[in-house]
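I have placed the structure first, in the form of structure tokens, so that the comments after it can refer back to it.
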Amino acid sequence: MRHDVVVLGAGGAGLMCGAAAGRRGRSVLILEHARRPGEKIRISGGGRCNFTNLHTSPADFLSQNPHFCISALAGFTQHDFVALVESHGIAYHEKTLGQLFCDGSSQQIIDMLLEECRRVGTEPLLATRILEVSKGVDGFVVATDRGSHECRALVVATGGLSIPKTGASDLGYRIARQFGIRVVPTRPALVPLRFDQVLLNELKDLAGISVDATVSCGGARFSEALLFTHRGLSGPAILQVSSYWREREPIMVDLARDADVAAVLDRARHEHPRQELATALGRVLPRRLAQRIADKSGAAIRLGDLSDRQRDAVVRSVQAWRVVPSGTEGYRMAEVTLGGVDTAELSSKSFEARTVPGLYFIGEVVDVTGHLGGYNFQWAWSSGHAAGVHV
Ligand code: FDA
């Protein structure tokens, strides 16, 4: 079978690319090994898909080349995607910080993309195993367990390594290496962080507690919710900072970002000298956490007996907690994969490989990773569209 374009992977980027290429009259075949297309869209955003972010800008993405994403994000913006969503009559709302979610279900986004593909005469061939990709006489040959397909342009949209049970695989990276294209080392990102057993024993009673925190690491800083878990830390602030964290590095945590804990303690010391430290901390922290910090501080129990040095130590443990995670929860729980196909190998306009004409890489398989909050899907839409209008 011969097609103008074969797309590998029916996730957000692949479907977007297939529809855009089809609109230009290209014959498109989308190959997918899973039984369902867009599985990560389906499970995203708690089933409601945080499909973009109103404030998307290149600053929201990590890559060895921070400028690489500029062209694609400008060529198909968050507003273009919102217009597409509206044209399909899908109701949505802004939850927080510019994050847009479906009012109904993430399946609506999948159905929308499939409908866009159908309108141009293509739909993904599911449950198809890709056996081999090779150079053909005029393009590429993709051998599958359901026959071989020749194409002039081959678009690799196989995503990253996170959540293997959704169909994630390393095929995209293998194809890159097969054609001599560099791959930036990958690692799990937007992922919970773990504690070693000693720290876990100390903090396990805190599991389930959530606070509004500011977390910083590797020059990045995020003010969002933080959650103590049975294995370490999670919540949006931790997922965000995990993309910047590296082994053996500390993260700095302000557990009461909206409070001036020193001022709170000074006032309480003055007004209620017989009050317990834990009670005063309870004004700015959940009760269990306040008690834990008071117990651990070794400071006087009554505020009236608290020295300035002890007060400063307590303030530090609340607002400048330095903690060294022992690792991440890995690809099993990561939302995305950092690293991937080196952007230096690709055109930022078309996503075509510089050294292999006709071969394209889009979406998460490329070394561009968004922050938490709808940015990663916007990257899938923008990069998919950019390649779709060039193939
Ligand atoms: P994606 O992984 O979506 O698609 C790749 C496709 O290729 C898959 O269908 C896969 O089965 C297929 N494939 C892989 N290997 C293959 C092979 N060997 N042969 C054939 N097919 C193969 N982002 C966001 O912006 N907002 C959000 O709310 C969320 N929420 C979220 C929740 C969870 C639990 C996860 C894991 C991730 C998110 N994300 C997110 C991230 C987002 O899902 C992700 O960045 C995009 O889905 C990436 O789109 P791609 O199309 O590049 O890859």
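FYI, it's all coordinate maths here, none of it is from the lab. Predicted model only: the values in this text are computed from it and were never measured. Glycine also receives a Cβ, built like all others from the backbone with ideal geometry; neighbour counts cover every protein chain displayed.
Fully extending the segment from His88 to Leu54, taken as 0.36 nm per residue of separation minus the present Cα-Cα distance, adds 10.4 nm.
Between the residues Ala213, Leu200, Gly147, the greatest Cα displacement towards the positive end of the dipole of the stretch 144-243, with unit charges on the Cβ of Lys, Arg, Asp and Glu, is found for Gly147. Charged neighbours of Phe222, selected by a Cβ distance under 14 Å, balance to -2 (K, R count +1; D, E count -1). Under 17 Å of direct C-alpha separation, and excluding same-chain neighbours fewer than eight residues apart, Lys165 reaches these lysines: Lys40. For a modelled paramagnetic label at Asp295, 7 Å from Cα along Cα-to-Cβ, the residues of the stretch 184-225 in reach, with backbone nitrogen under 13 Å, are 201-207. Any idea what % of Cα-Cα pairs in the stretch 172-246 are farther than 19 Å? Considering the stretch 172-246, 47 percent of its Cα-Cα pairs are separated by more than 19 Å. With a Förster radius of 22 Å applied to the C-beta separation of Arg23 and Leu126, the computed FRET efficiency comes to 0.50.
The residues neighbouring Pro185, those whose beta-carbon lies less than 14 Å from its own, together hold a net charge of 0 under the Lys/Arg +1, Asp/Glu -1 convention. Multiplying the residue separation of Glu150 and Arg283 by 0.36 nm and subtracting their alpha-carbon distance yields 41.2 nm. Approximating the spin labels as points 7 Å out from Cα along Cα→Cβ, the Glu115-to-Lys135 distance works out to 4.3 nm. The length gained on full extension between Asp205 and Gln64, counted as 0.36 nm times the residue separation minus their Cα-Cα distance, comes to 46.8 nm.
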